[in-house]
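Just so you know, all these numbers are worked out from the coordinates, no wet-lab data involved. If you're wondering where the values come from, they're calculated on a predicted model, not measured in any experiment. So basically every Cβ, Gly included, is an ideal-geometry build from the backbone, and we count neighbours across all protein chains shown.
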Amino acid sequence: MIRLFVRPMPLVLLLVFATFIPVMMAAVRVVQVPTGWVPEDSLRLMVAPLSLWLHAFAGLLFGVLGPLQFVRALRARFGALHRLAGRAFVMAGLVMALSGLMLLLQVESIATRLLDVARALFSTGLIVALVLGVRAAMARDRAAHRAWMIRAYAMGMGGATIGLVFFPIYLLRGAPITGLSSDFVFVAWWLVTIALGEWVISGCPPFEGRARLKGDQQ
Ligand code: HEM
């Protein structure tokens, strides 16, 4: 069971499952923003339609390309495709982070200061991780490149996958959490996602021996 969980292919499937809803939501917004069919809940974001559209489009690319970039077989067999998709992933991550920062500046926030500050910090962290990941790739330092790209992916997806936590909480309580407790859970989940990324980078101890993960992922 543990072996199944840590082997790269199930890990990629797990990522696809975990990110399916935010990726679909981003895809839907990509169509809705230019056509003006944005649902009432999100209408307030339409004060910055360009930032919102760029954010959704870049989030869609980032969410789709991220898991694919981690598939070892694709990297080994289609190196040129990995490099091309990698460039698109980096561009998408940069645009997503910058447009996320623009949304923070342009749209009146309905979150607490805690979440707004976290969003600003993680966007900046995402930009730094992508730049360091590209620098490591150019220096042919594969271990550092892999580590920074996993960090970037975890930082980018941490906020988008919050539904995985909010939905069970809603089912348990019969009502959504709101205000500071909601934003506290949001930021805590983001940190857990980043910690999970660090765990993958370090080879998923204590299971790495059994799953021969190091060999599988390089
Ligand atoms: C560093 C990572 C990210 C940051 C800092 C960020 C930031 C933001 C901010 C500030 C908003 C406006 C929220 C509001 O005021 O209600 C937003 C909305 C949105 N984000 Fe992100 N985001 C990130 C990652 C992502 C990812 C990975 C995706 C998609 C896979 C995504 C898709 C969206 C979508 C679709 C909306 C619009 C939501 C709606 O219409 O209600 N974001 N994001």
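Some values worked out for this structure:
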quantity	calculated
Evaluated at q = 0.17 Å⁻¹: base-10 log I(q)/I(0), Debye formula over Cα of region 59-218	-1.06
Which of PHE62, PHE207, PHE122 has the fewest Cβ neighbours within 10 Å, and the rest in rising order	PHE207, PHE122, PHE62
Cα gyration tensor, region 114-174 - rounded (a/c under 1.5), prolate or oblate	oblate
Hull volume in cubic angstrom per residue (convex hull over the Cα atoms of region 33-90)	92 Å³
Net length gained if the chain between GLU198 and ALA76 were fully extended (0.36 nm per residue, minus Cα distance)	41.6 nm
Residue-averaged 222 nm ellipticity for the chain, from DSSP H runs of 4+ at -39500 (n - 2.57), nearest 500	-27000 deg cm²/dmol
Under Karplus coefficients 6.51, -1.76 and 1.60, residue-wise ³J(HN,Hα) of region 73-88 in Hz, glycine/proline x	4, 5, 4, 5, 7, 10, x, 5, 5, 4, 5, 5, 5, x, 5, 5
Rounded to whole Hz, the Karplus (6.51, -1.76, 1.60) HN-Hα couplings of region 132-145, x for glycine and proline	5, x, 5, 4, 5, 5, 5, 8, 6, 9, 5, 5, 5, 4
Computed over region 31-157: relative contact order in percent, which uses C-alpha pairs under 8 Å that are six or more apart	23 percent
Region 74-218, relative contact order [Cα under 8 Å, separation at least 6], %	21 percent
Distance between modelled label sites at ARG87 and SER109, nm, 7 Å Cα→Cβ extension	3.6 nm
Gain upon complete extension [THR35, THR178; 0.36 nm per residue less C-alpha separation]	48.4 nm
